[in-house]
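*Asks:* For reference, the structure I am asking about is given below.
The values are calculated or read from the model by the stated rules, or taken from the named source; none is laboratory data. This one's a predicted model, so the numbers in the text were calculated from it and none came from an experiment. All Cβ positions, glycine included, derive from the backbone under ideal geometry; neighbour counts span all protein chains shown. When the accessible area is computed, the model is the full protein with side chains, heavy atoms only, and any ligands, DNA or RNA have been set aside. Shrake-Rupley method; radii C 1.70, N 1.55, O 1.52, S 1.80 Å.
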Amino acid sequence: MLRPSAMSSSPDTSSTGPVLRVAQQVPRTEAEGPGRRFALWVQGCPLRCPGCCNPEMFAMERGTVVTVEAMAARVLATPGIEGLTILGGEPFSQADAVAELCERVRAGGLSTLVFTGYTLAELKAQGRPGVERLLASLDLLVDGRYEKDQPETRRRWIGSRNQVMHFLTPRYVPEDPTFTAPNTAEVHLIEGRIIVNGWPDLADRLRP
């Protein structure tokens, strides 16, 4: 949940292989899932929910092109994190590349969480191998369109009441009080830019 400025579309050519189109990164955050996490916002979203806090991420052609290999290496080299959270934009629009990234970081011992505007039923109905591969690489999935008129006030890390957190592996359990602790937002200075991320209502109050 972030409102960054536009990023360059120049590719990272330091490695080869599958690529991601990335909108923004926050290497260490506690506002985008359990524990301290590397948060990655991908670029491009066909759903374009009204009131989305990241409209800059709708356009498919914006963002920065980065190889999965380079991104996985960066995530795994980040000290003191518990997992990777991928937001957007729409992660399932880049399902194959996101799946490979999640597989790589899970192999390195990190947990994986994806926020999607699709419901789990919609994703399964697509019948795309990349979608199935991505679902199989996740510990947690938050699904459903963002509904600006239904703000979530009780569950942590959830934008609107219609959205559901799916516990896809035993790594996390819904009874953990972490998942109902108060929501938070954060302010980061990254590469000379101030970035605010976290719970949308609170994040909006913190933005200049």
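*Asks:* Could you check residue 158 against (1) touching a Phe, Trp or Tyr at 6+ places or on another chain (Cβ under 8 Å); (2) open to solvent by less than 50 Å² (accessible area, probe 1.4 Å) and say which number it fails?
*Replies:* (1)
*Asks:* While we're here: Looking at (1) touching a Ser or Thr at 6+ places or on another chain (Cβ under 9 Å); (2) open to solvent by 10 Å² or more (accessible area, probe 1.4 Å), which one does residue 111 not meet, given that it meets all the others?
*Replies:* If we test residue 111 against (1) touching a Ser or Thr at 6+ places or on another chain (Cβ under 9 Å); (2) open to solvent by 10 Å² or more (accessible area, probe 1.4 Å), just (2) comes out false.
*Asks:* In this structure, does residue 112 turn out to be among the hydroxyl-bearing types (Ser, Thr, Tyr) and over 14 Å from the mean Cα position of the chain (by Cα)?
*Replies:* In short, no.
*Asks:* Those residues that are free of Cβ contacts under 8 Å to residues at least 60 places away in the same chain and open to solvent by 40 Å² or more (accessible area, probe 1.4 Å), I need them from the range 50-71; list them, please.
*Replies:* 55, 56, 60, 61, 62, 69 - these are the residues of the range 50-71 that are free of Cβ contacts under 8 Å to residues at least 60 places away in the same chain and open to solvent by 40 Å² or more (accessible area, probe 1.4 Å).
*Asks:* Pull out all pairs, ordered by first then second residue, where Cβ-Cβ is under 7 Å, the residues are six or more apart or on different chains, the first lies in the range 29-49 and is closer than 19 Å to residue 117 by Cβ, and the second is of a type in the set (Lys, Arg).
*Replies:* From residues that are closer than 19 Å to residue 117 by Cβ, the pairs are 42/21; 43/21; 43/62; 44/21; 47/145; 49/145.
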